Amino acid sequence: MVRLEGVAKHYPPDIVALQDLNLAIAKGEFVFLTGPSGAGKSTLLKLLFCAERPTQGEIFVDGIPLASLSASQVPHLRRKIGVVFQDFKLLTNRRVFDNVALSLEVTGLKRDQVERRVRQILDSVGLGGRIGQLPHQLSGGEQQRVAIARAVVNRPPILLADEPTGNLDRARTDEVMALMEELNAQGTTILFATHNERLYRHTHRRVLRLVDGRVEE
Ligand code: ADP
Ligand code: ADP
């Protein structure tokens, strides 16, 4: 589902964020990405959804070679990838419904289909009753569940999560983890960046550790 071959990312003038990265993630895997702050975790995720371009090397996402993607083809790639961030990145002046519906409307679905899918996904994250509220009326944990609903409402094969529990307490963190497990059980490939050791210490999942821009398993 994801393959990196000899990937490096430099930021001018002299920061080497990633170097000689070789990595493959199979369809349906749930992989943790760890490592200290500044190790390159966010950079790696940004390369996968083309928010950044590699300095060297090749990246394939669901068979698509990213190097050959033009700017106008990037939206096509992004329909395959859901992204969740530490700070939720919800539109603060839009209701919960619209935050989730916006990523569906661009796919050309009819209004009643959009409505049905949005209700369904919000029910599944336990927020069916909050559909008409604004983000600031929700707790942090609830806002993150809206963000997850938005990320997966068009059923992308891949979900990228960049420290999604970083702003949440332990109980809210566990709710988000349970949601991630459920999405993975339904077949979504997940790459989950975190430095919270509790989340991966006892896992049977693959744990990739980035240190100084290099990966250790
Ligand atoms: P992590 O997510 O593991 O904390 P990052 O990918 O954010 O790591 O950062 C890796 C390195 O790249 C750090 O040294 C960081 O300061 C640097 N970096 C990240 N983004 C940029 C940028 N846009 N411009 C310059 N340097 C950057
Ligand atoms: P910044 O976080 O500084 O705005 P980034 O380079 O991290 O810049 O990413 C650009 C922005 O585009 C992200 O903040 C994110 O909100 C948005 N974005 C890009 N791709 C996606 C995606 N597949 N799903 C959701 N949001 C996306």
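The values are calculated or read from the model by the stated rules, or taken from the named source; none is laboratory data. Owing to the predicted nature of the structure, the values given are computational and were not obtained by experimental measurement. Cβ coordinates were reconstructed from backbone atoms using ideal geometry, including for glycine residues, and neighbour counts include every protein chain displayed. In case anyone asks, the SASA skips ligands and DNA or RNA and just uses the protein heavy atoms, side chains included. Shrake-Rupley method; radii C 1.70, N 1.55, O 1.52, S 1.80 Å.
Being within 16 Å of ligand 1 (Cβ to nearest atom) and under 22 Å from Ser124 (Cβ atoms) is the filter here; which residues of the stretch 58-100 pass it? Selection gives Val83, Val84, Phe85, Lys89.
Residues in the stretch 72-107 that are farther than 22 Å from Gln133 by Cβ, touching a residue at least 40 places away in the same chain (Cβ under 8 Å) and either surrounded by fewer than 16 Cβ atoms within 10 Å (Cβ to Cβ) or of a type in the set (A, V, I, L, M) (or both): Arg79, Ile81, Val83, Thr107.
Would the stretch 59-71 turn up any residue that is under 30 Å from Gly140 (Cα atoms), outside the structural domain of Ala151 (by TED's automatic domain parsing) and open to solvent by less than 30 Å² (accessible area, probe 1.4 Å)? Taking every residue of the stretch 59-71 in turn, none turns out to be under 30 Å from Gly140 (Cα atoms), outside the structural domain of Ala151 (by TED's automatic domain parsing) and open to solvent by less than 30 Å² (accessible area, probe 1.4 Å). In the stretch 44-65, of all residues being under 17 Å from Pro164 (Cβ atoms) and free of Cβ contacts under 8 Å to residues at least 40 places away in the same chain, the one that is nearest to ligand 2 (Cβ to nearest atom) corresponds to Ala51. Among the residues in the stretch 176-197, are any without any contact (Cβ under 8 Å) to a residue 60 or more places away in the chain and open to solvent by less than 10 Å² (accessible area, probe 1.4 Å)? The answer is yes, given that some residue of the stretch 176-197 is without any contact (Cβ under 8 Å) to a residue 60 or more places away in the chain and open to solvent by less than 10 Å² (accessible area, probe 1.4 Å). Only one entry of Leu183, Leu199, Leu179, Leu160 meets the criterion of being more than 16 Å from the chain's Cα centre (by Cα) and either outside the structural domain of Ile25 (by TED's automatic domain parsing) or modelled with pLDDT of 95 or more (or both), and that entry is Leu199. Only one of Gly28, Gly6 is surrounded by fewer than 16 Cβ atoms within 10 Å (Cβ to Cβ), within 23 Å of Ala147 (Cα to Cα), at pLDDT 95 or above and more than 13 Å from ligand 2 (Cβ to nearest atom); which? Checking each option against the conditions leaves just Gly28.
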